[in-house]
1. I need the phi-derived Karplus couplings for the range 42-52: 6.51 cos²θ - 1.76 cosθ + 1.60, θ = phi - 60°, integer Hz, Gly and Pro marked x.
2. Using only DSSP helix segments of four residues or longer, with each worth -39500 (n - 2.57), what per-residue ellipticity at 222 nm results for the chain after dividing by its residue count and rounding to 500?
3. Would you pull out the residues with amide H under 5 Å of residue 163's amide H, same chain only if 5 or more places away, H placed 1.01 Å from N?
4. Working out 0.36 nm times the residue gap between residue 50 and residue 367, then minus their Cα-Cα distance, what length gain in nm do you get to one decimal?
5. Quick check on the exposure proxy: order 231, 23, 126 from fewest to most C-beta atoms within 10 angstrom.
6. Based on other C-beta atoms within 10 Å, arrange 368, 321 from fewest to most.
7. Which listed residue (221, 299, 281) has the Cα farthest towards the positive end of the charge dipole for the chain, taking +1 on Lys and Arg C-beta and -1 on Asp and Glu C-beta about the Cα centre?
8. Express in whole angstrom the spacing between the alpha-carbon centres of the range 199-236 and the range 357-387.
Amino acid sequence: MSVRYTINLSCASKDCNREFEKKDLYVCDYCFGPLEAKYDYEKIKDDLSIDKIVSREKNMWRYKELLPLDGPPTVGFDVGYTPFIKAKNLAKELGVKELYIKNDGVNHPSLSFKDRVVSVALSKAKELGFKTVGCASTGNLANSVSAQAAAAGLESFIFIPSNLEESKIIGTSIYGSNVIAVNGNYDEVNRLCTEILGNHNWGFVNINLRAYYSEGSKTVGYEIIEQLGWKAPKHIVVCMASGSLLTKIYKSVKEFENLGFVEANGTKIYGVQAEGCSPISTAVKNNWETFKPVKPNTIVKSLAIGNPADGINAINLLTSIDSYAEDATDDEIIEAMVLLAETEGIFTETAGGVTLAGAKKLIESGRIPNDESIVLVITGNGLKTQEPLVNKISKPFIIEPRMESFNKIFN
Ligand SMILES: Cc1ncc(COP(=O)(O)O)c(C=O)c1O
Ligand SMILES: [Zn+2]
């Protein structure tokens, strides 16, 4: 891309809007709010059309004008365009008319929506000249940064809480990254990484490259609209950790409306958290303007962020569109993982269980009407979080290698 569609970075805090250069800056030095990429939408309108998008390869870069690079993308050509499924069996179970699942649990290369944000962040890291990248992660980001950095020929430093699921640790170390397991929770890991950045000229995807990284989540929303036949759904349900994904999916819907790619449909988005780590949903439910940081205590390690970076923006968004947030207990989350598997054949991780368990409550309470289109965003893969299911689901029948042994059980 020789034409530049990203103008600069601007502060995303309500009523601040200060502007910054397109560098590895991540926080407004006036109000400490998160920074966000700002685009020249007039230019995008002139250059981008539905026909153009449709003619491109089926990956997240088909929307590249709406992603914050100044040059062509260099990382992640097989990321995105994940399955969009009409979930008839689950719809019946939940008593709703029109239900879809956006399944990012099978994203490439690391089986979560994080592959999208990392593709943008590493492309930007290369553009800015970083040779070393890294992240503070609750697991899925670790998997994706280490995988994509390996493929992109970048050195990586990955910081995780030491108590993560085994699959998430092995699924990071396999790529040859420098993996540092910290005896602390994610918020402590993140704080340490911010300090480390003071001494090293590295590109940490979710810290000093966060303004670019977070934009990658918009492609979930673009794809939902495209895969629905260029229609916006009425309701989208998504789980929250930092709250970034939620705000960016909503932004993507608004962008497509403003570009005239889709008719406005009054789309509402809802955020769900695990009860053991629910600073954002608690604030929304209590009508608070801000959240109280918490110490996470839940099986959902991928969403265990007690001090969410985009929490205030998520609260502002949900209240400004008169939407709502929910939370779910660990048992409800496991029940929802099993329900999704048994009805739609999709094995999601604990975070996907949060989304479905919350959606169920929002439907039962009537906040989401049962006769309107609903999309559940399933963000991660169940093969990575098997521990909480041990002794919670049925065990195999154990038999001897003889007919009578089989017949004893099934005849
Ligand atoms: C599987 C999964 N889903 C959702 C999220 C939430 O993302 P966000 O921090 O953008 O709210 C995460 C965050 O790590 C995740 O790993
Ligand atoms: Zn600001």
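The numbers here are math on the coordinates, done by the rules we state, and not lab data. Note that the coordinates shown come from a computational prediction; the quantities given were computed from them, not determined experimentally. Heads up, the Cβs are rebuilt from the backbone with ideal geometry, glycines too, and the neighbour counts pull from every protein chain shown.
1. 5, 5, 5, 4, 5, 9, 10, 9, 4, 4, 5
2. So the calculated ellipticity at 222 nm is -10500 deg cm²/dmol.
3. Distant-sequence amide H within range of residue 163: 184.
4. Full extension from residue 50 to residue 367 adds 110.9 nm.
5. 23, 231, 126
6. 321, 368
7. Highest projection toward the positive end goes to 221.
8. What the calculation gives is 20 Å, centre to centre.
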